[in-house]
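What follows is a single structure, and I will ask about it in a moment.
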Amino acid sequence: MKQNLLGLDAEGLARFFEAQGEKPFRARQVLRWIHQLGEADLAKMSDLSRALRDKLTMTSCVAAPQIVGDEAAADGTRKWLVKVDGANSVESVFIPETSRGTLCISSQAGCALECSFCSTGRQGFNRNLTTAEIIGQLWLANRALGRGVSEERPITNVVMMGMGEPLANFDNVVAALRLMLDDSAYGLSRRRVTVSTSGLVPAMDRLRDACPVALAVSLHAPNDALRDQLVPINRKYPIRELLAACIRYIEKAPRDFVTFEYVMLDGVNDTPAHARELASLVANVPCKLNLIPFNPFPASGYARSTPAAISRFRDVLMAAQIVTTVRKTRGDDIDAACGQLAGQVQDRTRRQERRLVRATLAGEPGSIAEPVR
Ligand code: SAH
Ligand code: SF4
């Protein structure tokens with residue numbers, strides 16, 4: 001099978017060229033062609049000798065996943081459906097703002113972590129994306145937005161906040177992050193690349209050592225009892241361990257704080273008492289808080305907190321000297337807002353079926369008493 005050069009970072013490409021008996025500096029040239037100029041045709045890489053181009057064409061390729069859907073929201077947000085194989089597609093979202101353009105990309109087809117309020121979590125898990133499929137989303141978005149190299153690149157920031165848990169796909173995500181940061185590829189600063197995690201503590205430490213980009217942590221609850229319900233991975237890595245990992249991370253982080261994400265669920269985690277508990281919980285962690293109004297999806301069973309509840313919550317935190325922002329909901333008319341990304345995922349964990357069995361056994365009204373394969 002041909003080697004897909006799109007998924008190799010500088011080190012991987014240098015190794016590839018060495019193995020072919022070529023000089024490792026070829027890696028830089030090829031990186032620039034692929035990632036800065038958006039070139040997929042090896043034959044067109046004109047600063048490589050004809051003989052090398054011919055050889056490369058035999059042994060390798062530049063293969064991106066395929067865009068199969070492209071929607072624009074009223075506020076300028078774009079959402080692409082990116083097909084990664086016959087059964088799975090993931091979503092990437094571009095969010096233009098006055099002074100920056102943020103691309104939100106996916107790291108897995110589905111997600112195994114089952115956060116109760118997340119549409120991706122509800123649909124089960126199929127597989128990790130490869131490095132080529134992760135960086136391919138940035139590569140495709142740059143091309144779709146009509147720029148190769150340009151003074152004003154439309155994508156100035158990347159957030160790994162799409163489908164999947166990035167730290168559960170560690171090696172492929174880190175290789176993709178290295179490409180984002182590489183001056184011969186996308187040249188983004190570490191401050192402008194954010195990984196969001198639901199709190200895989202050991203992997204947070206590994207990220208700190210391997211590639212410390214900006215970190216966002218999905219906290220969502222001020223105590224373990226509630227977080228166990230909302231973010232089940234909390235049963236394995238409870239809040240105290242999570243916060244300790246955040247403090248360790250900050251030592252090497254590009255910013256001197258972590259961002260805590262907190263989804264605002266009506267009547268679940270949004271009272272002033274929750275806010276006070278949260279304020280004292282994070283009092284010793286250098287952090288900012290980002291409140292995310294819950295974005296609904298069919299049969300979620302949750303509702304978004306009222307604007308009044310959200311501002312009360314924010315006021316309590318601000319009064320405790322915690323910088324708190326409320327995330328603007330973008331692209332919700334095309335289901336592109338946080339937690340609404342579903343793509344199309346073949347659930348290898350067969351979660352839907354397990355749900356059905358549970359519902360059937362429990363005799364829930366309205367459950368379909370279908371035989372389960
Ligand atoms: N798996 C990673 C990153 C992807 S989700 C993580 O969990 O951090 C990006 C953010 O959106 C997370 O904070 C996630 O908890 C939040 N989110 C998930 N579903 C949501 C929903 N329906 N409404 C609002 N935010 C949601
Ligand atoms: Fe996975 Fe993040 Fe969704 Fe939780 S919130 S199910 S970790 S994608």
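The values are calculated or read from the model by the stated rules, or taken from the named source; none is laboratory data. Predicted, not measured: the structure shown is a model, and the values here were computed from it. Quick reminder, even Gly has a Cβ in these numbers, built from the backbone with ideal geometry, and neighbours come from all protein chains shown. Just so you know, the surface numbers come from the protein's heavy atoms only, side chains and all, with ligands and any DNA or RNA stripped out. Shrake-Rupley method; radii C 1.70, N 1.55, O 1.52, S 1.80 Å.
If Ser107 satisfies every condition in (1) at pLDDT 95 or above; (2) within 11 Å of ligand 2 (Cβ to nearest atom); (3) surrounded by fewer than 23 Cβ atoms within 10 Å (Cβ to Cβ) but one, which is the exception?
Unmet for Ser107, out of (1) at pLDDT 95 or above; (2) within 11 Å of ligand 2 (Cβ to nearest atom); (3) surrounded by fewer than 23 Cβ atoms within 10 Å (Cβ to Cβ): (3).
Scan region 277-292 and give yes if some residue there is surrounded by 15 or more Cβ atoms within 10 Å (Cβ to Cβ), touching a Pro at 6+ places or on another chain (Cβ under 7 Å), of a type in the set (Gly, Ala, Ser) and closer than 21 Å to Arg327 by Cβ, otherwise no.
No, because not a single residue in region 277-292 is surrounded by 15 or more Cβ atoms within 10 Å (Cβ to Cβ), touching a Pro at 6+ places or on another chain (Cβ under 7 Å), of a type in the set (Gly, Ala, Ser) and closer than 21 Å to Arg327 by Cβ.
Any residue that is within 16 Å of ligand 2 (Cβ to nearest atom), open to solvent by 30 Å² or more (accessible area, probe 1.4 Å) and part of a loop (DSSP other than H, G, I, E, B) - is there at least one of those in region 194-206?
no
A further question follows. I'm trying to understand the selection: among the residues of region 251-270, which are open to solvent by less than 30 Å² (accessible area, probe 1.4 Å) and not hydroxyl-bearing (Ser, Thr, Tyr)?
Listed by number, the residues that qualify are Ala253, Pro254, Val258, Phe260, Glu261, Val263, Met264, Leu265, Asn269, Asp270.
Could you grab me the full set of residues in region 228-246 that are open to solvent by 30 Å² or more (accessible area, probe 1.4 Å) and within 13 Å of ligand 2 (Cβ to nearest atom)?
Within region 228-246, Gln229, Pro232, Lys236, Tyr237 qualify.
If you don't mind, there's one more thing I want to ask. Restricting the first residue to region 115-137 and requiring it to be crowded, with 23+ Cβ neighbours inside 10 Å, which pairs with a second residue that is of a type in the set (Ser, Thr, Tyr) and in a helix (DSSP H, G or I) meet a Cβ separation below 8 Å and a spacing of at least six or different chains?
Partner pairs satisfying both residue conditions: none exist.
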